[in-house]
Amino acid sequence: MGTMLLPDLGMEILIPACAVIGIAFSLFQWFLVSKVHVSADKTHHHSSVGGGDDKNGFAESLIEEEEGINDHNVVQKCGEIQSAISEGATSFLFTMYQYVGVFMVAFAILIFVFLGSVEGFSTKNQPCTYDSTKTCKPALATAVFSTVSFLLGAVTSVISGFLGMKIATYANARTTLEARKGVGKAFIVAFRSGAVMGFLLAANGLLVLFITILLFKMYYGEDWEGLFEAITGYGLGGSSMALFGRVGGGIYTKAADVGADLVGKVERNIPEDDPRNPAVIADNVGDNVGDIAGMGSDLFGSYAESSCAALVVASISSFGVNHELTAMLYPLLVSSVGILVCLLTTLFATDFFEVKDVKEIEPALKKQLIISTALMTVGIAIVSWVALPTAFTIFNFGVQKEVQSWQLFLCVGVGLWAGLIIGFVTEYYTSNAYSPVQDVADSCRTGAATNVIFGLALGYKSVIIPIFAIAISIFVSFSFAAMYGIAVAALGMLSTIATGLAIDAYGPISDNAGGIAEMAGMSHRIRERTDALDAAGNTTAAIGKGFAIGSAALVSLALFGAFVSRAAISTVDVLTPKVFIGLLVGAMLPYWFSAMTMKSVGSAALKMVEEVRRQFNTIPGLMEGTAKPDYATCVKISTDASIKEMIPPGALVMLTPLIVGILFGVETLSGVLAGSLVSGVQIAISASNTGGAWDNAKKYIEAGASEHARTLGPKGSDAHKAAVIGDTVGDPLKDTSGPSLNILIKLMAVESLVFAPFFATHGGLLFKLF
């Protein structure tokens, strides 16, 4: 078959080394961020990085006196607000993790019982599924190890989300304080903090997965098929936590946001993030728990699943049959090179070029995507050349297919570039620098109704190119390397995950920074700077969601292929009624799920609006600014609502595959998976782009940067009010149902794959009766 250039030992050193480098780099970035001081007791609390000596410090304080840089009061206020936001976010996540922990244990028991019962809990070795001449470890072992890897994935996912939230709440006030020195300094702090999260998450996910494989190998020995089947639990754990993080966090953040906007901006005519608004702290907490913790868990889940899907297919291909460990772990090698590439890319934004002007922010973030993609293409070429045999075979629904190593390189590359295309299309449709958003802003002249119509049309239209990009990458990668090709294409899209997450986490951090500037009563100029950072952040958040959705589509297709192979279905025939009813029901599920999440946001927002109105009406001196609002009650409303409301949508996603598999069997389940994939991707892309466009249309009118924007009014004009309504409608679309849908698609697929042995032996009870 041809040998690999990279020996196994080299691979076993390279992967953990890259992970450790990633973790070290993120800690270094954290250290740089921590040099900005938020306490007022330092003599030079205004010293910038490197402004240590007295002369420098003295000169600086003279220049920047006008910005109020020596105002101890402001610094102290920022510190207080920051700790309030941090406490709110921490307490919410702990409450959520308690509920989710109970679910985790219950589900782990379920995995063990279902998978153990495949062979009646026998401890004898069994003939292998794909090659009956060899013996494999018993199903009971798979049950135990799947349960362990499920718990590992879940814990890693929770930690990823939690660390991201901690970093974001640590960095938000620091970004605000740096904004007094100029937009470039603030950008670097926000971006560095995003990078901390991106690298920690990518490196952690890689390291835990690698160590798990090595440890499981000590038991499984030569039985790789069973080993990598047990590893799929890792992806399931990662995504099931992401689901609750995304849905719970999304409901939390949008209940607060919608409540704060409706009463504050529309009824009372006070600016966004005004400290008199009781829901303002809850709103800023929400940005961290939904957009940061949720996003972190979500992308970690995608990453874990695409690795698992690739490994499962590889284990029954020539890599697994001939026990070529380096080639087997090709997916992990791609990710480790990705960490190194992203490390280099990050330096371009923070060290090689400096952002000096507001107009340079978005291009700087776009360059990140382009540089990382270009460098990664080279990286993949090297890995494919070093780690793969020149020719090998890939399992393709019962037959082995001959594949060359360059074809596999093209599969990864096509996924990588499709991700870039999706990112750019998303940017075009959601950034207020281009005509689509400006048209939506323009339609606000005639009121909220036209704004909503234009926004919805924009969202539907923005689906076209991403779907073509996904379709082409599926076709190319499948024709080259069957299902394995699709799995590595998904990995290609996620290989630059550290950069993707850095520009994604940058959004909520700068959003929070703007809120803190407003609440601490900083000057108008500083608020303008943070608004510019925030508008770019909205776009990058939409790009991040585009990546998450595109990769989810590829990942779930790869998982679907692995499931079909594992459940021993040779073809999925749409014309059989069993499959067709599955398709219909599967296509309906994203709508059912969206209905649940939207309604949850609506009802939670209703409670919030009532509470905010009550406080404005009953607390004397609140509007005048002499009395303080009761922030804690609003935080509590959001927390209670989101914990209560995240359970039904979560249950819908987690139980559907189990119910369908047990009652209707694997054919119907394969229909359900295909249906939910096809309809979920469309709704997810259109929802998150519509919401992002409405938000930026509002920002466009508020900033008044162009002649056109100034004609639409200052804040408080009729057009601006219409834009605020559009933004409020779009909030649950872009931050709750849209981003959660990609988890629905992946989670159902990976769950079906984990339970495939059980469904194949005991599933389809209803059809067996007749």
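The values are calculated or read from the model by the stated rules, or taken from the named source; none is laboratory data. Note that the structure is predicted; figures quoted are calculated from it, not measured. FYI the Cβ positions are ideal-geometry reconstructions off the backbone, even for glycines, and counts take in every protein chain you see. Note: accessible area is taken over every heavy atom of the protein model, side chains too, but ligands, DNA and RNA are not part of it. Shrake-Rupley method; radii C 1.70, N 1.55, O 1.52, S 1.80 Å.
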- Query: Relative to the present Cα-Cα distance, how much length would full extension add between Ser603 and Arg525 at 0.36 nm per residue of separation?
  - Reply: 24.4 nm
- Query: What does the accessible area per residue of the stretch 656-770 come to in Å², with a 1.4 Å probe and no ligands, DNA or RNA counted?
  - Reply: 27 Å²
- Note on the structure: Restricting to Cα pairs under 8 Å and 6 or more apart, the percent relative contact order of the stretch 100-240 works out to 32 percent
- Kirkwood-based Rg over Rh for the stretch 218-336 (C-alpha set), two decimals? 1.30
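I'd like the carbon and sulfur percentage of the solvent accessible area for the chain, probe radius 1.4 Å, heavy atoms only, ligands and nucleic acids excluded.
68 percent
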- Among the aspartates and glutamates, which have Cα under 12 Å from the Cα of Lys599 when same-chain residues fewer than 8 positions away are ignored? Glu645
- Task: Evaluate the distance, in nm, between pseudo-label points positioned 7 Å from the Cα of Ser570 and of Ser34 along their respective Cα→Cβ axes.
- Result: 6.2 nm
- Message: For the stretch 378-450, what does the accessible surface come to per residue with a 1.4 Å probe? Please give it in Å².
- Response: 39 Å²
- Note on the structure: For the table Lys35/Lys715; Lys699/Lys746; Lys166/Lys644, the rows whose alpha-carbon distance is greater than 27 Å are Lys35/Lys715; Lys699/Lys746
- Item | Full-extension gain in nm, Met218 to Glu707, via 0.36 nm per residue minus C-alpha separation | 169.2 nm
- Query: What is the chain's relative contact order, in percent, from Cα pairs under 8 angstrom and six or more apart in sequence?
  - Reply: 19 percent
- Query: log₁₀ I(q)/I(0) of the stretch 397-474 at q = 0.24, 0.27 Å⁻¹, via Debye over equal Cα point scatterers, no solvent, to two decimals?
  - Reply: -1.05, -1.16
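Mind giving me the FRET efficiency for Lys367 and Val113? R0 is 45 Å, r the Cβ-Cβ distance, nearest 0.05 is fine.
0.30
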- Item | Distance between the stretch 151-218 and the stretch 300-315 - C-alpha centres, whole angstrom | 21 Å
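Stick to the Cα atoms of the stretch 495-622, pair each with every other, and give me the Kirkwood hydrodynamic radius in Å at one decimal.
On the way: mean 1/r = 0.0509 Å⁻¹.
Radius from the Kirkwood sum: 19.6 Å.
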- Message: Taking the full set of protein chains and a 1.4 angstrom probe, give the accessible area of Ile619 in square angstrom, rounded to the nearest 10.
- Response: 40 Å²
- So which lysines can Lys137 reach, going by Cα to Cα under 18 Å and dropping same-chain residues fewer than 8 places off? Lys124, Lys217
- Query: So what are the radius of gyration and Dmax for the Cα set of the stretch 272-410, in Å?
  - Reply: 21.2, 68
- So, with points 7 Å from each Cα along the Cβ direction, the Thr390-Tyr460 label distance in nm works out to 5.4 nm
- Item | Probe 1.4 Å - accessible area at Met598, Å² to nearest ten | 70 Å²
- Using r as the Cβ-Cβ distance of Thr626 and Ser717, and R0 as 25 Å, what FRET efficiency do you calculate, to the nearest 0.05? 0.30
- Calculate for the chain the 222 nm mean residue ellipticity that helices alone would give, adding -39,500 (n - 2.57) per DSSP H run of length 4 or more and normalising by residue count, nearest 500 deg cm²/dmol. -27000 deg cm²/dmol
- Message: Compute for the stretch 659-770: radius of gyration divided by Kirkwood radius, i.e. Rg/Rh, restricted to C-alpha atoms, rounded to two decimals.
- Response: 1.32
- Task: May I ask for the percentage of alpha-carbon pairs in the stretch 479-526 that lie more than 11 Å from each other?
- Result: 74 percent
- Rounded to the nearest 10 Å², what accessible area does His37 show when all protein chains are kept and the probe is 1.4 Å? 60 Å²
- Between Ser479 and Val266, the FRET efficiency computed from the C-beta separation at R0 = 60 Å comes out, to the nearest 0.05, as 0.65
- Item | Inter-part distance where the stretch 405-451 and the stretch 537-584 are each reduced to a Cα centre, Å | 22 Å
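For the chain, give the magnitude of the charge dipole about the Cα centre (Cβ charges: +1 Lys/Arg, -1 Asp/Glu; no others), in debye to the nearest 20. Show your work: numbers first, answer last.
Values: 47 positive and 63 negative charges, 213 e Å.
So the magnitude is around 1020 debye.
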- Full extension between Leu765 and Thr618 adds, at 0.36 nm per residue less the Cα distance, a length in nm of 46.9 nm
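For the chain, what is the Kirkwood estimate of the hydrodynamic radius, computed as the reciprocal of the mean inverse distance between distinct Cα atoms, to one decimal in Å?
26.2 Å is the Kirkwood radius here.
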- Note on the structure: Rounded to one decimal in nm, the spacing of the 7 Å Cα→Cβ label points at Lys134 and Glu354 is 5.9 nm
- Unit charges at the beta carbon, dipole of the stretch 288-369: most positive-side option, Ala349, Gly338, Met328: Met328
- Equivalent ellipsoid dimensions for the stretch 85-232 as semi-axes, Å, which come from the Cα gyration tensor, largest first: 44, 18, 8
- Query: By how many degrees, 0 to 90 and rounded to 10, does the Cα axis of helix 54-63 deviate from the longest principal axis of the chain?
  - Reply: 70 degrees
